[in-house]
Amino acid sequence: MPGETVMLSITAPKAVFRRSQLSLAAMLLPTNDTFISLNGVKLPREGQVSYLAHAYDAGSEPNNESCADIPGPSCGGAGYSPEVTGEGFVYPSPGIHGENELSVEQYAWSGPVAKVTIKRIN
C-alpha cells in the first residue's frame, strides 16, 4: 500500500560488488502492467545512497483499472491475459485515473513512486 516499506537483503561475493552497479525492476501494485526500474545505478563504496524511481507502463495490457485484471493482494485478479493487447511499448505511467474500481484518492501518483536506498554492510 502507499507509504509502506519493503526491505530486501542481497548477499554476494566481493567480486560481484566490485562491478559497483545495480539494476532492478518491480511491479507496482495495484496495476496490471506498471513497474518501477533503476538501470545501472551506482552502489555505495561505504554508507548508503538513495535513488527515486519513476513508474513506467509496460504497454502489455489496456489500463482499464479493473480489479479482475490486476493481480496481487489489493485486487486478486487474474493478471496477464495474452488475448488482450495494450499499447505495445513502454512509456512513463500516467497513473491511476479512477476509471473503474481503483480510487484516485488512494492510488494516484505523480513524480517518483519509490525511494530505493542501498546500504553497504561490511
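Could you tell me which residue of the stretch 81-97 is nearest to VAL41 (Cα to Cα), considering only residues that are surrounded by 14 or more Cβ atoms within 10 Å (Cβ to Cβ) and either over 14 Å from the mean Cα position of the chain (by Cα) or of a type in the set (A, V, I, L, M, F, W, C) (or both)?
Top of the filtered list is VAL90.
Name the residue, out of SER74, SER66, that is out of contact with any helix residue (DSSP H, G or I) (no Cβ under 8 Å at 6 or more places or on another chain) and either within 22 Å of SER9 (Cβ to Cβ) or not hydrophobic (A, V, I, L, M, F, W, C) (or both).
None of the other options fit; the residue is SER66.
Kindly indicate which of VAL49, VAL6 is at negative phi and under 18 Å from the mean Cα position of the chain (by Cα).
On the way: VAL49 fails: under 18 Å from the mean Cα position of the chain (by Cα).
So the residue among VAL49, VAL6 that is at negative phi and under 18 Å from the mean Cα position of the chain (by Cα) is VAL6.
Since every read-out is calculated from the coordinates, none of them should be taken as a lab result. Everything numeric in this text was worked out from a predicted model, so none of it was measured. Here the Cβ is made from the backbone with ideal geometry for all residues, glycine too, and neighbour counts use every protein chain on show.
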